[in-house]
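First up is the structure itself, then whatever we jot down about it.
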Amino acid sequence: MANILVGVLQIDISPGNILAMDEFRHYLETNTQEDLAQKLGLSQGAISQWIANGEIPIKRVRQVSRETGIPTDKLHPDFSEAIA
């Protein structure tokens, strides 16, 4: 895993995470964070935090996949159906 320290925030910049967030950001180009948050039963701030952290929490991957149509392996490189 490659990490970069930005201020006090450490972000995983490994290729898997960057690609996963690219798919997610692409989805958000045509859908709002607020709309997705509402579908997921979360606050818009939670979605914004995922983007700031550079990662979707693994416990949310399956739910996000269902709502966005993005395959689970493209949302989180470490996602496994067995652990979700």
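The values are calculated or read from the model by the stated rules, or taken from the named source; none is laboratory data. Values in this document were obtained by computation on a predicted structure and should not be read as measured data. Here the Cβ positions follow ideal geometry from the backbone for every residue, glycine too, while neighbour counts run over all protein chains shown.
Listing for the model above:
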item	result
From the options ILE18, ILE11, ILE70, residue that is modelled with pLDDT of 65 or more, surrounded by 14 or more Cβ atoms within 10 Å (Cβ to Cβ) and β-branched (Val, Ile, Thr)	ILE70
Given (1) modelled with pLDDT of 90 or more; (2) in a helix (DSSP H, G or I); (3) of a type outside the set (Val, Ile, Thr), index of the condition GLU23 fails	(1)
